1. FRET efficiency for LYS10 and ALA47, Cβ-Cβ distance as r, R0 = 30 Å, nearest 0.05?
2. So if a site counts as exposed when it's one of the chymotrypsin sites (Phe, Trp or Tyr not before Pro), its DSSP state isn't H, G, I, E or B, and it has at most 14 other Cβ atoms within 10 Å, what's the longest stretch of the chain without one?
3. Report the FRET efficiency, 1/(1 + (r/R0)^6), for GLU55 and MET169, where r is their Cβ-Cβ distance and R0 is 51 Å, rounded to 0.05.
4. Relative to the longest principal Cα axis of the chain, at what angle does helix 2-32 sit, 0 to 90 degrees, rounded to 10?
5. Go through the range 101-183 and name the trypsin sites (Lys or Arg not before Pro) that are in a DSSP coil and have 13 or fewer other Cβ atoms within 10 Å of their Cβ.
6. In whole Hz, with x marking every Gly and Pro, tabulate ³J(HN,Hα) for the range 224-241 from phi via Karplus 6.51 cos²θ - 1.76 cosθ + 1.60, θ = phi - 60°.
7. Before anything else, pin down the relative contact order of the chain: Cα pairs under 8 Å, at least 6 apart, normalised by residue count, whole percent.
8. Per the helix-only calculation at 222 nm, which mean residue ellipticity applies to the chain, given -39500 (n - 2.57) for every DSSP H run of n ≥ 4 and division by its residues, nearest 500 deg cm²/dmol?
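A short reminder: the numbers here are calculations on the coordinates, not readings from a lab. None of the values given here were measured: they were computed from a predicted structure. All Cβ positions, glycine included, derive from the backbone under ideal geometry; neighbour counts span all protein chains shown.
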Amino acid sequence: MKSDKIQIRKTTVYIVIFYILIFATWQVLFNAGLIPDYLFPSPVDVATRMRELWEEGYLLPSISATAQRMAVGFSIGAALGLALGLLMGVSPIVNHCLKSLFLGLQTLPTAAWVPISLLIFGLSVHGIYFVIIMSSVPAIAISISSGILHIPTIYIRAAKTLGTRWYAMPVRVILPAALPAIVTGLKLGWTLGWHGGVSAELIKSSVGLGFLLYMGRELNDSAQVVGIMLLTILFGLLLDRFFFGIIEKRIRIRWGLEKNE
């Protein structure tokens, strides 16, 4: 256990050094002046612009708006994806029909849902929810159904032998056995939904991270554009570390694949 903690600390140090090197290289390239500064801002310029957006009252409301839209849209998308994935996993006919449809939908860029959402919902926030849902549901459903279809049949037979009724099978056997695939599907669905939500905000919103990206482009403010891009990356990393990462760790501990520290 002590050696594991030491290894974790070493890994953390390596990650910190890696990002320090990235920003140091970025600053060196900026100082070299190979690209005009209005196209290639320095890390200091980006940090200064983010501070200005915060002080001007634009940054926090935009983060809050985007997070709220993602919470609503992804909750609906996750529920639909889970239900459809479960149905696909237990019904071969439904799986063959829906899987081909969802595979086709996955080939669409998430931004491709924005024009149709404009036609259906106009500029309302419901259109952003629509884009998030349509971007996330196919990936979640396919991942969950794949996890269910790869459950060892001995689990099902053992549950039937022990007297588990057919209506209790999804909750007691299928979903717990497919839990790793479910978490993976939710992570992928969140990522695609996040892409779709920010893309929709570029056109359909007057507040949000996507809107700040749009305004940065309109004002030729490269520091704002790069800063919002870095902020969206940071948001995704924090979510993976403190939400999906924690869930995955608990699953590994539950299955005996990792020690509980």
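1. About 0.60, to the nearest 0.05.
2. With a cap of 14 other Cβ atoms within 10 Å, the longest stretch comes to 39-254.
3. Between GLU55 and MET169 the formula returns 0.35.
4. It is inclined by approximately 40 degrees.
5. Answer by residue number: ARG165.
6. For the range 224-241, the Karplus curve yields 5, 4, 5, x, 5, 4, 5, 5, 5, 5, 4, 4, x, 5, 5, 5, 5, 6 Hz.
7. In percent, rounded to a whole number, it is 24.
8. Rounded to the nearest 500, it is -25500 deg cm²/dmol.
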